[in-house]
1. Given the residues E295, E283, E319, E276, which is the only one that is part of a loop (DSSP other than H, G, I, E, B), more than 30 Å from G236 (Cα to Cα), over 21 Å from the mean Cα position of the chain (by Cα) and free of Cβ contacts under 8 Å to residues at least 40 places away in the same chain?
2. Would you point out the residue of the range 260-291, among those that are closer than 28 Å to I197 by Cα and among the polar types (S, T, N, Q), that is most open to solvent (accessible area, probe 1.4 Å)?
3. Out of the residues in the range 1-52 meeting the condition of being in contact with a helix residue (DSSP H, G or I) (Cβ under 9 Å, 6 or more places away or on another chain), modelled with pLDDT of 80 or more and part of a loop (DSSP other than H, G, I, E, B), tell me which one is most open to solvent (accessible area, probe 1.4 Å).
4. If I go through the range 150-161 residue by residue, how many of them are surrounded by 12 or more Cβ atoms within 10 Å (Cβ to Cβ) and among the charged types (D, E, K, R)?
5. Take the range 339-359 and flag every residue that is assigned to a loop (DSSP other than H, G, I, E, B), under 15 Å from Y317 (Cα atoms) and open to solvent by 20 Å² or more (accessible area, probe 1.4 Å).
6. Looking at this structure, is K257 buried (at least 17 other Cβ atoms within 10 Å of the Cβ) and touching a residue at least 12 places away in the same chain (Cβ under 8 Å)?
7. From the list I181, I140, which one is part of a loop (DSSP other than H, G, I, E, B), open to solvent by 30 Å² or more (accessible area, probe 1.4 Å), in contact (Cβ under 8 Å) with a residue 60 or more places away in the chain and not small (G, A, S)?
8. I'd like the residue in the range 229-254 that is part of a loop (DSSP other than H, G, I, E, B) and among the acidic types (D, E) and, out of all such residues, is surrounded by the most Cβ atoms within 10 Å (Cβ to Cβ).
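The values are calculated or read from the model by the stated rules, or taken from the named source; none is laboratory data. Computed from a predicted structure; not experimentally measured. Here the Cβ positions follow ideal geometry from the backbone for every residue, glycine too, while neighbour counts run over all protein chains shown. Remember, those area values only see protein heavy atoms, side chains included, never the ligands or the DNA or RNA. Shrake-Rupley method; radii C 1.70, N 1.55, O 1.52, S 1.80 Å.
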Amino acid sequence: MERHQIWFAIGTLALLFASAIADDEVVVLTEENFEKEVGQDRGALVEFYAPWCGHCKKLAPEYEKLGSSFKKAKSVLIGKVDCDEHKALCTKHGVTGYPTIQWFPKGSLEPKKYEGPRTAEALAEFVNTEGGTNVKLATIPSSVVVLTEESFNEVVLDETKDVLVEFYAPWCGHCKNLAPIYEKVATAYKLEEDVVIANLDADKYKDLAEKYGVSGYPTLKFFPKGNKAGEDYDGGRDLDDFITFINEKCGTSRDSKGQLTSQAGIIASLDVLVKELVSATSEERKAVLSKIEEEVEKLKGSSVRYGKAYLKAAKSYVEKGADYPQKEISRLQRMLEKTISPAKADEFLIKKNILSSFI
């Protein structure tokens, strides 16, 4: 198999894995699938929203909580339509402001407008009444580390961790808008032991906020391993902006769904030596292996385990022959197709990335 085919296979498998574990809690409806999903054999609650709408952003975490709770309820669908992207569909259903929430009974495209409070609790009560269900709201554990005056130094000033801290106030509108995005950032990096996504109620712990120069909300500060004085985060506040920032600062390789990219585990200096090993004669390979061992010994932090994987693969390549990497990649692909933990999937994907360097 050609190298580009290997990369394609790896990317495809990773994408399938991501889809399997990171589906949206709310069904995304479009002009193409709306009437296939709504007005059929189940009732549907649909939010018509605009990405720039402040009230929609405030509703987002409540609506996702609702979607998560009703995800397994076969008789009810919780969906949403981006009205910036699907203007005609929203106009068709009489949407003139955002967010507009409508209930479509089973077998009907004639909606009933929801006029109640925009909380997950109120929405759940409405859906249970209209849909004849008895679903209770799910408790969704947060991946954001909640800091206090007592825990701040222990977590943030830990020299072994890269820590992003949001200083917020409970009453702050911008903080509420950021909350669902920040939660997704934390979820994306929850498997990274050296990366912490945290927040602090700066209204409650005013002295601590003042100590770090916080004068407005939300204020984001990054505390890398090498600078516990903290650095201002001045980047964008979309999910992809945070992902790019953390990957660059922390040396991680995650996408917005928390999946590893094709660069995860790759170490440039070792890739150079791998190319040398692959092109070397059988007599020269022992000397190249020694170079790889020396390079691995120089590594620090999370790179150490990647280096060990390179060294193990290099030794197996020499001992078992040039077809070893492809056989091992195929074996790992079969393992990934089984039900395994996210941590184990990370381990296998990193090994595959490294093995692909030998092809």
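1. Just a single option satisfies the conditions, and that option is E283.
2. Filtering first and then ranking leaves Q263.
3. This residue is E31.
4. 2
5. If we filter the range 339-359 for residues that are assigned to a loop (DSSP other than H, G, I, E, B), which is where we start, we get 339-341, 357-359.
Adding the requirement that they be under 15 Å from Y317 (Cα atoms) leaves 357-359.
I359, the sole residue that qualifies.
6. Yes: the conditions hold for K257.
7. Values: I181 fails: part of a loop (DSSP other than H, G, I, E, B).
After applying the criteria, what remains is I140.
8. Looking at the filtered set, the residue picked out is D238.
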